[in-house]
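Reviewing the structure listed below.
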Amino acid sequence: MRQSTYTLNIEFLTPVFIGTGQELDPLSYVAGMNNGAGSCLHLIDLEQWASDNADDAKLQEVFNEASYTKLRRYVAQNISLETYTREIIPVRSQAFVKMYEQALKGGREEHRLLVEPTHRTSAGLRPYIPGSSLKGAIRTAVAASHEKQAGRPKTDKFRRPDWREFNQRIFGKIGEDIFKYLKISDAPLQQGQTQLVRPIEVSKNPERNKATPKNFAEATQSLTLGQDLKAFTKLIIRHPPKQEQSARRIVHPFSLLELFGWLNKFYYPKYFRELNDFYRQPHLQKVDEHLKEVTEKIQNTMGQGDNTYALLRLGHYSHIECVTLDIYSSPYFKKGYGKTRTLAEGLVPFGWVLLTADEGYKAETDGSSVAVSVSQAKEDAHEKVESSEPHRSREEELAQKLEHFKLELTAIPLNKLPGTLPGLAERIIKHEDQEFAVQAAKSMLDYIRETKMTKKLKQKKWYHNLTVLTDV
Amino acid sequence: MYTQYKIIVQSKLQTPLQSDTIYGHFCWGLRYHQGEEALSEFLDASKKGPPILISSALPAGFVPRPELPSLDRKALFDKAKELGFGKGKAQLFSGMSQLKEIKKKKWLSIKQWHQIRHEASDLQVISELADSHSQPKTMQVSSKAHNTISRLDNTVIEPGGLYFTREYWTFPGARFDLYCFFENQHWKSLWEKVWMEYIIPFGFGKDKSTGSGQLEFHLVETFSEDIFQLDDADAWMSLSHCVLDDYPTNASWFSSHLKKGRLGGEYAVHGPGGGKSNPFKKSILMQLPGSVLKHAVQPKGRLLENVHSDERICHFGLGLFLPLRLGGEA
């Protein structure tokens, strides 16, 4: 069976948090300093320490008192971190440090400071991004790219949309599922490449003060928060044998470029829609500022339009738009959805990564090929791209950028268009590429006409500005 | 010819490296890469005089502790006194505690094996293990929860959306030995080819498609066959998960487990005849590595038939055995 093997490079644009469903017991960690490198969380081997200090009368007394806070304080003051630390997690969140100090001073029992850890290997305790999470995020995008072709989903006996049946229509029955030909391994990380952050909920409504409290989470480092980070994993696309190629399913055997195309078609508009809907609101301006570098990076790389890069959103706090289909999704929430976002430290959204792929894969048994800082390699990558990319004409470049803009535009749900278009229009009007701005403005006006919204919107100032631009 | 390979696990495993499972992977690799005829040829040869015998993957440098007749009560007390350095209650208690710890030790180093195999008895094994502190630390098992989200309504699919998997993670630096016997060079070459072209690229066991079962496989050039040679051997210790032949007429000591095997490859999702799938084989009682059979002739285990409604399906109960001479009262 033929196959193509790639090294999938994952650049973390914003922190990625993939939870395990578990919470760290407050007695399983101690917060401290890491050789002058800032605050950190030491994951400790409490069992071993207790066993080694079994004769300590004071420890026995504290155990017998059955008070969490006293025991925690005693452990923090007496444990040798050099001997009993299994893993160190840098702490980004200053709020955690303060709360921890308060907890040690004799805070209330219910302030347990629960921490949600990331996935770790059971034996070596090294963090990693599960291959199943990567594959799941990719599958969502591929399903969304084919849902229109699949048609309306059936309902099950509880009148809920039957995802299993719909899934089979798109990908094939379990024995013929096209995704069995896509293999993605776990992406290992190194110690110190994750950090403890505080997920903070923000609302579109600036007057809303209540936020759902969230546990502290161990997320990856990233371009926007912490140190920039790149991880590597193996991706294999096998070519199905002849007898399996004609199986009944909508998704056909695909190449890497096609796969990246589907990812961009799904996630690229999602990023900009979220940016416009939330982070360009006045009360969330600081988020937009923090995302400037990421936004430019996405626009520059996606703007090439050749699908050598792919945008993906991974993990927890990806929000409903990125984990459900576009047309046929029917999420049920009593109080509605899509009104809030959860941000790392209240500054950047979770989950955005940029993918590239190189042919071939070479594993290092000691894991030394894992995540690296991107900055050092930036110049080399830039040179490589410049030398290897074929020269494209101005027309081709413009056509590709316009194509991407149209994708973004058509991905906006109709009921959200009136709210989203003003931000989009402003972006076009201020665009540095005048030629692109004019063409994009024309596309936007044509789209408004197609959706029969002209009568409703033509009185708006931004609409008028777009027409002026197209008359230039 | 006997050979030894080193296996390095690069990711998590969700299927342990047992000999019968490895055989199964080899068969599927043979079928995909060489065709149905090559597989039929191998199965026919395995029914007559097996051309390939393999062990389960063992911690590098170790062999299983042999299952031998237990010490009688007097000998047990004497040993406890020896270990506890005295006859008093406290010393006896200490000695018994140490015996209890020794009982948990499941592996002998190759050197220890060479010491005991000439006159193997439980007493000798206990003495060897009492003096040593090392047991291999290779794998840790953990249970992980997964959920499957419906992309239509963002809820966990019911039923079956929440499920748990067992994962085997190796400690950094852990290695495994795989011992093999080949009838001739042809089978050895075929074996290595299937490993390199099928098992290594595609992975081993469950959830290969999300990164489990990534292995490295290396031939050990410096392997010596001494461990498989012993004059006047009157017993054999299994290195494999196998089905012992010629028992219960022969004396044997073993730990067994109930194997509920599954079909692999495409038969995991559709039946061998192309119809609805029944991926489960009938339950089989198999003997674990370390089982000892008292016999003058080297056993090989059995290729089991009639393990599935489709008669073509079989299960490898074949195994590789180390020779030893029994001492004591065995």
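Among A:LEU125, A:LEU134, A:LEU113, which is the only one that is outside any strand (DSSP E or B), within 12 Å of chain B (Cβ to nearest Cβ), over 22 Å from the mean Cα position of the chain (by Cα) and touching a residue at least 40 places away in the same chain (Cβ under 8 Å)?
Result: A:LEU125 is the single residue among A:LEU125, A:LEU134, A:LEU113 that is outside any strand (DSSP E or B), within 12 Å of chain B (Cβ to nearest Cβ), over 22 Å from the mean Cα position of the chain (by Cα) and touching a residue at least 40 places away in the same chain (Cβ under 8 Å).
Of all residues in region B:89-134, which are hydroxyl-bearing (Ser, Thr, Tyr) and either assigned to a helix (DSSP H, G or I) or farther than 20 Å from B:SER291 by Cα (or both)?
Listed by number, the residues that qualify are B:SER94, B:SER97, B:SER127, B:SER132, B:SER134.
When you scan region A:1-26, how many residues do you find that are at pLDDT 85 or above, outside any strand (DSSP E or B) and away from chain B (no Cβ under 14 Å)?
Residues flagged as at pLDDT 85 or above, outside any strand (DSSP E or B) and away from chain B (no Cβ under 14 Å) within region A:1-26 amount to 5.
Test A:ILE89 against the stated conditions and say whether it is more than 14 Å from chain B (Cβ to nearest Cβ), surrounded by 21 or more Cβ atoms within 10 Å (Cβ to Cβ) and aliphatic (A, V, I, L, M).
yes
From B:SER238, B:SER224, grab the single residue that is of a type in the set (Ser, Thr, Tyr), crowded, with 18+ Cβ neighbours inside 10 Å and more than 12 Å from chain A (Cβ to nearest Cβ).
Only one candidate qualifies: B:SER238.
Just to be sure before I move on: is B:GLU82 more than 21 Å from B:ARG262 (Cβ to Cβ) and part of a helix (DSSP H, G or I) in the structure I sent? Before the answer, list the steps.
Values: more than 21 Å from B:ARG262 (Cβ to Cβ): yes; part of a helix (DSSP H, G or I): yes.
For B:GLU82, the condition - more than 21 Å from B:ARG262 (Cβ to Cβ) and part of a helix (DSSP H, G or I) - is met.
What tally of residues in region B:102-155 results from selecting those that are surrounded by fewer than 16 Cβ atoms within 10 Å (Cβ to Cβ) and of a type in the set (Asp, Glu)?
2
Do you know which of the residues in region B:277-288 that are in a loop (DSSP other than H, G, I, E, B) and out of contact with any helix residue (DSSP H, G or I) (no Cβ under 8 Å at 6 or more places or on another chain) is modelled with the highest pLDDT?
First, the residues of region B:277-288 that are in a loop (DSSP other than H, G, I, E, B): B:277-279, B:281-283, B:288.
Cutting the leftovers down to out of contact with any helix residue (DSSP H, G or I) (no Cβ under 8 Å at 6 or more places or on another chain) gives us B:278, B:281-283, B:288.
Working: B:ASN278: 76, B:LYS281: 88, B:LYS282: 89, B:SER283: 91, B:LEU288: 94.
Checking each candidate, the answer is B:LEU288.
Please enumerate the residues belonging to region B:130-147 that are more than 14 Å from every other protein chain (Cβ to nearest Cβ) and more than 24 Å from the chain's Cα centre (by Cα). Please lay out each step first, then the result.
Going through region B:130-147, the residues more than 14 Å from every other protein chain (Cβ to nearest Cβ) turn out to be B:130-135.
Selection gives B:ALA130, B:ASP131.
Which of the numbered conditions does A:LEU235 fail, given that it passes all the others? Conditions: (1) farther than 18 Å from A:LEU311 by Cβ; (2) within 14 Å of another protein chain (Cβ to nearest Cβ).
Single failed check for A:LEU235: (1).
Tell me which residues, restricted to region A:446-472, are under 18 Å from A:PHE405 (Cβ atoms) and either charged (D, E, K, R) or in contact (Cβ under 8 Å) with a residue 60 or more places away in the chain (or both).
Passing the criteria: A:ASP446, A:ARG449, A:GLU450.
Grab the strands (runs of 3 or more DSSP E) fully contained in region A:158-203, keeping just those with 1 or more residues being within 7 Å of chain B (Cβ to nearest Cβ).
Hits in region A:158-203: A:182-184.
Suppose the filter is of a type outside the set (Gly, Ala, Ser), closer than 29 Å to A:LEU259 by Cα and at pLDDT below 90; does A:ILE88 pass it?
Considered against the rule, which asks whether it is of a type outside the set (Gly, Ala, Ser), closer than 29 Å to A:LEU259 by Cα and at pLDDT below 90, A:ILE88 comes out as no.
B:GLY173: among the small types (Gly, Ala, Ser), buried (at least 21 other Cβ atoms within 10 Å of the Cβ) and not in a helix (DSSP H, G or I), yes or no?
Details: among the small types (Gly, Ala, Ser): yes; buried (at least 21 other Cβ atoms within 10 Å of the Cβ): no; not in a helix (DSSP H, G or I): yes.
Against the criterion (among the small types (Gly, Ala, Ser), buried (at least 21 other Cβ atoms within 10 Å of the Cβ) and not in a helix (DSSP H, G or I)), B:GLY173 does not qualify.
Please note which helices (runs of 4 or more DSSP H) are completely contained in region A:410-472 and include at least 2 residues that are touching a Ser or Thr at 6+ places or on another chain (Cβ under 6 Å).
A:434-450
Mind checking which pairs have a first residue in region A:316-337 that is within 21 Å of A:ASN205 (Cβ to Cβ) and within 11 Å of chain B (Cβ to nearest Cβ) and a second that is loosely packed, with under 14 Cβ neighbours inside 10 Å and of a type in the set (Lys, Arg), Cβ under 7 Å, 6 or more apart or different chains?
If the second residue must be loosely packed, with under 14 Cβ neighbours inside 10 Å and of a type in the set (Lys, Arg), no pairs are left.
All but one of (1) in a loop (DSSP other than H, G, I, E, B); (2) farther than 30 Å from B:THR15 by Cα; (3) not aliphatic (A, V, I, L, M) hold for B:LYS137, so report the exception by its number.
Result: B:LYS137 fails condition (2) only.
When residues of region B:175-193 are filtered for being out of contact with any Gly (no Cβ under 9 Å at 6 or more places or on another chain) and within 14 Å of another protein chain (Cβ to nearest Cβ), how many remain?
Within region B:175-193, residues that are out of contact with any Gly (no Cβ under 9 Å at 6 or more places or on another chain) and within 14 Å of another protein chain (Cβ to nearest Cβ) number 1.
Mind checking which residues of region B:194-212 are facing chain A (nearest Cβ under 10 Å) and at positive phi? Steps first, answer last, please.
As a first pass, look at region B:194-212 and keep what is facing chain A (nearest Cβ under 10 Å): B:197-198, B:201-203, B:207-212.
B:GLY203, B:ASP207, B:GLY211 - these are the residues of region B:194-212 that are facing chain A (nearest Cβ under 10 Å) and at positive phi.
Residue by residue through region B:8-49, note down the ones that are away from chain A (no Cβ under 14 Å) and charged (D, E, K, R).
Of everything in region B:8-49, those that are away from chain A (no Cβ under 14 Å) and charged (D, E, K, R) turn out to be B:ASP20, B:GLU37, B:GLU41, B:ASP44, B:LYS47, B:LYS48.
The values are calculated or read from the model by the stated rules, or taken from the named source; none is laboratory data. Nothing here was measured: the structure is a model prediction, and the numbers come from that model. With ideal geometry, Cβ positions are generated from the backbone for all residues, glycine too; neighbour counts draw on all protein chains shown.
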